Structures are given as structure tokens and as C-alpha cells.
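Visitor: Here's a structure for you.
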Amino acid sequence: MSAPTKKQLAARHIRRLKTMRESVLQMAEQWEDLDQYCVNELGGLADSIETVALALKDDESVEAP
């Protein structure tokens with residue numbers, strides 16, 4: 001079995017990062033009425049995850065055939 005291509009690996013990781021982001025946002029919701037610091041930190045983490053996923057997507061789209 002051959003190793004995945006860069007495009008396949010990026011697509012797989014983008015999907016996983018989107019799932020992680022949703023989980024982190026759910027965590028932030030659970031903290032909503034308890035601790036605003038945690039809400040803010042988790043929101044920042046979700047934003048960072050999205051930034052990485054977008055960077056992978058951009059890198060994936062410019063890959064040469």
C-alpha cells in the first residue's frame with residue numbers, strides 16, 4: 001500500500017480539524033455561564049484550528065498535478 005499523497009493527507013487532516021473545531025466550540029458552550037475566561041480561550045483555540053485548516057486547504061489547492 002502506498003503512502004497518501006500530499007493532497008489526500010491535507011484533505012484528511014482538514015476533515016479532522018473541522019471535527020476538532022466543532023468539539024472545542026461545544027466545550028466553549030458548556031462553559032458559557034460558568035467561566036468567561038474558558039469561553040474566550042476555547043474560542044481562540046477554535047479560531048486557531050480553523051486557521052490551520054484553511055492554510056492546509058490553500059496549500060492543497062496550489063499543488064501541481
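Visitor: Based on this model, can you work out whether GLU32 counts as more than 11 Å from ALA53 (Cβ to Cβ), under 15 Å from the mean Cα position of the chain (by Cα) and exposed (fewer than 13 other Cβ atoms within 10 Å of the Cβ)? Quick ask: steps written out before the conclusion?
Guide: Numbers: more than 11 Å from ALA53 (Cβ to Cβ): yes; under 15 Å from the mean Cα position of the chain (by Cα): no; exposed (fewer than 13 other Cβ atoms within 10 Å of the Cβ): yes.
It is false that GLU32 is more than 11 Å from ALA53 (Cβ to Cβ), under 15 Å from the mean Cα position of the chain (by Cα) and exposed (fewer than 13 other Cβ atoms within 10 Å of the Cβ).
For (1) open to solvent by 90 Å² or more (accessible area, probe 1.4 Å); (2) in contact with a His (Cβ under 9 Å, 6 or more places away or on another chain); (3) modelled with pLDDT of 95 or more, each residue gets a yes or a no:
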residue: GLN8; (1), (2), (3): yes, no, no
residue: ILE14; (1), (2), (3): no, no, yes
residue: ARG21; (1), (2), (3): no, no, yes
residue: GLN26; (1), (2), (3): yes, no, yes
residue: GLU41; (1), (2), (3): yes, no, yes
residue: LEU45; (1), (2), (3): no, no, yes
residue: VAL52; (1), (2), (3): no, yes, yes
residue: VAL62; (1), (2), (3): yes, no, no
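Visitor: Would you confirm, using the coordinates I've provided, whether MET1 is of a type in the set (A, V, I, L, M, F, W, C), open to solvent by 80 Å² or more (accessible area, probe 1.4 Å) and modelled with pLDDT under 95?
Guide: Numbers: of a type in the set (A, V, I, L, M, F, W, C): yes; open to solvent by 80 Å² or more (accessible area, probe 1.4 Å): yes; modelled with pLDDT under 95: yes.
Here the answer is yes, as MET1 does meet what is asked.
The values are calculated or read from the model by the stated rules, or taken from the named source; none is laboratory data. Just so you know, these numbers come straight off a predicted model, no measurement behind them. Neighbour counts are summed over all protein chains in view; Cβ atoms, including those assigned to glycine, are modelled from backbone coordinates with ideal geometry. All accessible areas refer to the heavy atoms of the entire protein, side chains included, with ligands and DNA or RNA removed. Shrake-Rupley method; radii C 1.70, N 1.55, O 1.52, S 1.80 Å.
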